[in-house]
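Here is the structure we will look at, set down as structure tokens.
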Amino acid sequence: MGTPFEQTQGKLSIVATPIGNLEDITLRALRTLKECDVIYAEDTRVISKLLARYEIKKPLQRLDAAMESKRADQIVERLEAGERVAFVSDAGTPGISDPGARLVAQVRAQLLGAKIEAIPGASALTAALSIAGLDTAEFIFLGFLPHKKGRQTTLKQIAEMVRKDSPQGGIPVVLYESPHRIEKLLKELEVLGVSRVTIARELTKIHEEVLSGTPAELLAHFAACPDTVRGEFVVIVTP
Ligand code: SAM
């Protein structure tokens, strides 16, 4: 059980940052970063670019996945001392395939009634869905697939989920993927008989594009235009 947390004004803000275009940051996020006492960042070099763009100078501390638990203890102490602490991941919304969830859970467990606020903003997940042109009344988000153990099982489950004759009647499955593995993923989906995939690439950046087709068509596109196998990808396996 944690200790009661009523005496201090300490606050932890979980701040979403841009996923490419530095203008994609909310006024509230900027104000929070300007007013906090310290910023914890997944990578201080990455966030420094954003802070420089908006002329924000603050003490920075690294908090990546490997040190989340240890840093959480430190943040609890700061909150108890009344400090305002902001946490940002490298891009998008913390906690979404990024560090942040363990930090929040630990602070909540250790400080009853801790003030933890969400400063919402960009996420590759919602940006991709907003321009995919798909029926997204329902979807399943799986983030990054496991590289080895469990990968084939998960892929088979995805192929099943998107089938129109599945119990759900076919539901889009959203994945994050790196450029190194995008072609491998498409080949795997092709073998499993997946008929349609939508890829949102380089969202909010100059080369943003959405591609749709069978896995074989998308592989042919990447073979013809190797430049487009660069950048960051959201993959939506569609019914
Ligand atoms: N927390 C982030 C969010 O809210 O979207 C996601 C972080 S995760 C470590 C990074 C992955 O998100 C990338 O490998 C890619 O799949 C996806 N991603 C991030 N930025 C993107 C962009 N600009 N365009 C397409 N996908 C992106």
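Structure above, values below:
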| item | result |
| --- | --- |
| Inter-site label distance for residue 153 and residue 9 at 7 Å from Cα along Cβ, in nm | 5.1 |
| Solvent-accessible ranking of 176, 54, largest area first, probe 1.4 Å | 54, 176 |
| Cut-off 17 Å (backbone N to label point 7 Å along Cα→Cβ of residue 230), residues of the range 170-208 | 178-183, 201-208 |
| Å² per residue, accessible surface of the range 86-146 at 1.4 Å | 45 |
| Rough spin-label spacing in nm, given labels placed 7 Å along Cα→Cβ, for residue 165 and residue 139 | 2.7 |
| Estimated FRET transfer efficiency when R0 is 41 angstrom, pair residue 220-residue 35 (beta carbons, to 0.05) | 0.20 |
| Accessible heavy-atom area order of 31, 62, highest first, probe of 1.4 Å | 31, 62 |
| Cα point-scatterer Debye curve for the range 5-122, base-10 log of I(q)/I(0) at q = 0.18, 0.23 Å⁻¹ | -0.84, -1.38 |
| Ratio of the Cα radius of gyration of the chain to 2.2 N^0.38 Å, where N counts its residues | 1.14 |
| 161, 67, ranked by accessible area, largest first (probe 1.4 Å) | 67, 161 |
| For the range 125-237, alpha-carbon Rg and Dmax in angstrom | 13.2, 40 |
| Total formal charge among the other residues, if their Cβ is under 12 angstrom from that of residue 202, Lys/Arg +1 and Asp/Glu -1 | -1 |
| Inter-label distance for residue 207 and residue 77, nm, one decimal - labels placed 7 Å from Cα along Cα-to-Cβ | 4.5 |
| Carbon/sulfur fraction of accessible area - the range 125-237, other protein chains in place, 1.4 Å, % | 55 |
| Local electrostatic count, residue 71, Cβ distance below 14 Å [Lys/Arg +1, Asp/Glu -1] | -3 |
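The values are calculated or read from the model by the stated rules, or taken from the named source; none is laboratory data. Since we're looking at a predicted model, the values are computed, not measured. Counting neighbours? That spans all protein chains shown, and the Cβs are built from the backbone with ideal geometry, glycine included. Accessible surface is based on the protein model in full, side chains and every heavy atom, while ligands, DNA and RNA are left aside. Shrake-Rupley method; radii C 1.70, N 1.55, O 1.52, S 1.80 Å.
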